[in-house]
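The values are calculated or read from the model by the stated rules, or taken from the named source; none is laboratory data. Nothing here was measured: the structure is a model prediction, and the numbers come from that model. For neighbour counting, all protein chains shown are included, and Cβ atoms are generated from backbone atoms with ideal geometry for every residue, glycine included.
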Amino acid sequence: MHSFHRFILPVSIYLLGVFSSCDRSSPREIHVLHIEGVEWACNITSSFGTFGSSYETEGENELTLAASKGDLLYMLWGDEEFYYRYHPRDGHNLSVLFDTVGLVSVYLNDKLNYMELTGKSIPAKFKDLSRMEMSQLSTLNLDESLIHDLIPLLEEHESQMQGMGLVLELGPGSDDLREWLSKYQPEFLILEDPRQLPSPGSDYAMEGLELLWIQEYTNTLARAAQCCGDLESLILSGWDAKAGELLPLSSMKNLQNLTLAESDMASLKNIELPESLHSLNLISCTNLESVDPILSLPELCRLNLTDCEKLNRVDILQELETLRWISFPNNTSQKDFQTLSSTLNQVEFVELIGCTEITTLDPLHSLTHLNILALDLEEEQLGGLNSLKQLELLIVSDDLFDDNSDYINDLRSSLPDTKVVPGSGLCLGSGWLLLLLPMILIFRFIFRQKIRSSAAE
């Protein structure tokens, strides 16, 4: 018996270590998703809409996108929108169906996933959902005009709704709303104003919240750190980094992802970065000059510097040997590109968006693990692309698709095992929750005009 115990104990410890390791590493795994039923999609967590995937021709019903576990995806179908937090249990083939009769309902793989409660008849319609539909529902989008009517109704389904995602298109909110939020315990929360969060020190802590996307309100940012202790992902847009001000994130011991978009910060010295970060996405931070503090992040595997054009030392990124996903800053020189490609041996996903100094893609041949490539470059910068035979997914700008069909056909012939798809961006700047719908309509109009022009040619 003692011999058995001596055997079983180390085996149990080993298996526990293996399973724990797998669980910790799962957010780092990069998945290629095939999404049917939408016209455009982006990974908000990694790119904040600067570059997403779209369908190639009118009538096509599938696009391809890359994501890791827990990433927040945003999808469009016509003028309808869909927020979805990716989980590998949903698979790599996602079927999305929009039902706009009465209210907007979105079905993912034939299960009700998302609803917009934005009309006067919505409370009754929502109340008629079956128990099965309630159990399937993952995300709600709530309108300010309905919140007082909806809170009593939502409380009736409190046990079934805990752990869902929530999109709030509201103002500062009320004590009733903050109390309801703490009871509701959403898994992820998208809101414009952090004043809707419970106050620090109140009884309304949101311990179950894993992902939070908020817009800048400087004097209340600390509230996110103090009332959302279990946060895994923080997405913050429009932060005005005032002199001497700190973004206090070091106490967030579970924080794995930080996305900062359209911030005016010049360096990362204003941010207390927790060592737990796996993913750091600094999008359209056009004044950013230094990112030296990232060298102290031992587990960083994703770094996005898209539309950062003033970084003064791009070469320091070569010290980040753990990187598996990198989006290069705009001012990356060909020399820096060569150096980084020869040293970042574990990289699987590369994005080059608006990198005007790149003259050839030949350095990418050094990345033996490279599987996914996203490019928004001119055709003359793409030398060496047609010999990257190992690629599973290649996303290039829709302008290249529209204007260079012969080149795309030749590229596909050279890369027969690679999915080659178009991509484009969508601005999600200040006031996005209020302005998004007209932006979507403009985007769709321009995109369809491009399709018709291409078809006519």
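Summary table
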{"quantity": "Any hit, the range 111-126, residues being of a type in the set (D, E, K, R), in a loop (DSSP other than H, G, I, E, B) and either closer than 30 Å to Leu393 by Cβ or touching a Lys or Arg at 6+ places or on another chain (Cβ under 6 Å) (or both)", "calculated": "no"}
{"quantity": "Members of the range 290-316 found to be in a loop (DSSP other than H, G, I, E, B) and either among the hydroxyl-bearing types (Ser, Thr, Tyr) or under 16 Å from Asp376 (Cα atoms) (or both), listed by number", "calculated": "Leu305, Thr306, Asp307, Cys308, Glu309"}
{"quantity": "Pairs with Cβ under 8 Å, 6+ apart, first in the range 401-426 and surrounded by fewer than 16 Cβ atoms within 10 Å (Cβ to Cβ), second of a type in the set (Lys, Arg)", "calculated": "Asp417/Lys389"}
{"quantity": "Residue check, Thr356 out of contact with any Asp or Glu (no Cβ under 8 Å at 6 or more places or on another chain) and part of a loop (DSSP other than H, G, I, E, B)", "calculated": "yes"}
{"quantity": "Selection count where residues are under 25 Å from Leu72 (Cα atoms) and either of a type in the set (A, V, I, L, M, F, W, C) or under 15 Å from the mean Cα position of the chain (by Cα) (or both), scope the range 278-295", "calculated": "11"}
{"quantity": "Matching residues, the range 300-316, being of a type outside the set (A, V, I, L, M) and either surrounded by fewer than 23 Cβ atoms within 10 Å (Cβ to Cβ) or without any contact (Cβ under 8 Å) to a residue 60 or more places away in the chain (or both)", "calculated": "Cys308, Glu309, Lys310, Asn312, Arg313, Asp315"}
{"quantity": "Selection within the range 227-244 - closer than 16 Å to Leu288 by Cβ and part of a loop (DSSP other than H, G, I, E, B)", "calculated": "Gly238, Trp239, Asp240, Ala241, Lys242, Ala243"}
{"quantity": "Test: residue in the range 317-325 that is outside any loop (DSSP other than H, G, I, E, B) and buried (at least 18 other Cβ atoms within 10 Å of the Cβ)", "calculated": "yes"}
{"quantity": "Unmet criterion (only one of (1) over 28 Å from Asp398 (Cα atoms); (2) in a strand (DSSP E or B)) for Met132", "calculated": "(2)"}
{"quantity": "Residues satisfying the stated conditions in the range 259-287, i.e. modelled with pLDDT under 90, among the polar types (S, T, N, Q) and over 17 Å from Thr306 (Cα atoms)", "calculated": "Asn270"}
